[in-house]
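What follows is a set of notes on a single structure, which appears directly below.
The values are calculated or read from the model by the stated rules, or taken from the named source; none is laboratory data. Remember, predicted model here, so these are calculated numbers, not experimental data. Quick reminder, even Gly has a Cβ in these numbers, built from the backbone with ideal geometry, and neighbours come from all protein chains shown. SASA here: full protein model, heavy atoms, side chains in, ligands and nucleic acids out. Shrake-Rupley method; radii C 1.70, N 1.55, O 1.52, S 1.80 Å.
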Amino acid sequence: GDSVTQMEGPVTLSEEAFLTINCTYTATGYPSLFWYVQYPGEGLQLLLKATKADDKGSNKGFEATYRKETTSFHLEKGSVQVSDSAVYFCALTGPPSGGYNKLIFGAGTRLAVHP
Amino acid sequence: GAVVSQHPSWVICKSGTSVKIECRSLDFQATTMFWYRQFPKQSLMLMATSNEGSKATYEQGVEKDKFLINHASLTLSTLTVTSAHPEDSSFYICSASITSASDTQYFGPGTRLTVL
């Protein structure tokens, strides 16, 4: 079945460092791809998305490109801040089931940025 | 826009009691709502999907008689954990979609349930 694999965390960086969180997927069909962010004690917030191959999603300095040839959707940011410390989830829309588009999540990658 | 709220944000209850969690879409009508469960430091597990006015569709392994879901209106869905036990302690998160075919879900802030 469809699945998402993320790099294991935690990822620990200094402020202003470059961030990459790897995400690869397995899917039948052509899913939409997402990155969600979860701050401590909160629900998930949509960070960015891409709906077709070669699309680039971007938001708040983060970006990710839908690469069909490598089945990847890696998250990058050029200069992280302490406030970016959170858990990041890669997700895709699974095959429609019962008319619903379900989200399939990766395990999440915890990012800790220190001053 | 697209704000989803949950109430309560946290609840502590005794074993054997029932707990109701509300999920509301505040500024849009949600045809479809989803309920997830998240264990500490783990990903989200979809429990069930519901359409307004219809019975919920539960994922395999989720007890429908234990986790009662009601989607009474286009802005409100409730999850009732019946006869709660300590193993039901978890973080419950709801999300909402404007249409069932939409690929975008808007998530609530979550409810932390602790069963003593």
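General remarks:
- Taking 0.36 nm per residue of separation and subtracting the Cα-Cα distance, full extension of the segment from B:D27 to B:V3 would add 8.0 nm.
- Normalised size of the range A:17-115, defined as Cα radius of gyration per 2.2 N^0.38 Å with N residues, equals 1.08.
- Radius of gyration and maximum dimension Dmax of the range B:41-116, Cα, Å: 12.8, 39
- Rounded, prolate or oblate (a/c below 1.5 giving rounded, otherwise prolate when a/b exceeds b/c) for the range B:28-77 by Cα gyration tensor: oblate
- Distance in nm between pseudo-label sites at B:N70 and A:Q81 (7 Å out along the Cβ direction from Cα): 4.4
- Phi to ³J(HN,Hα) by Karplus 6.51 cos²θ - 1.76 cosθ + 1.60 over the range B:72-82, Hz, x for Gly, Pro: 6, 8, 6, 10, 9, 10, 10, 10, 10, 8, 8
- Highest to lowest packing among A:61-69, B:54-62, A:35-43, B:28-36, scored as the average C-beta count within 10 Å: B:28-36, A:35-43, A:61-69, B:54-62
- The range B:43-100 - percent of accessible surface contributed by carbon and sulfur, probe 1.4 Å: 51
- Cysteines of the protein assembly as shown lacking any other cysteine Cβ under 4.7 Å from their own Cβ: B:C13.
- Whole-Hz ³J(HN,Hα) from phi, Karplus 6.51 cos²θ - 1.76 cosθ + 1.60, for the range A:59-70, glycine and proline x: 5, 6, x, 8, 8, 8, 10, 6, 10, 6, 5, 10
- Note on A:E8 and B:H85: their simple-model spin labels are 3.1 nm apart, each label 7 Å out from Cα toward Cβ.
- Coupling constants for the range A:23-32 follow from the phi torsions by the Karplus curve (6.51 cos²θ - 1.76 cosθ + 1.60, θ = phi - 60°), and in residue order they are 9, 10, 9, 10, 7, 8, x, 10, x, 7 Hz; glycine and proline get x.
- For the range B:1-96: accessible area per residue (Å², 1.4 Å): 49
- All-pairs alpha carbon distance profile, the protein assembly as shown, 10 Å steps from 0, percent: 8, 32, 35, 20, 5, 0
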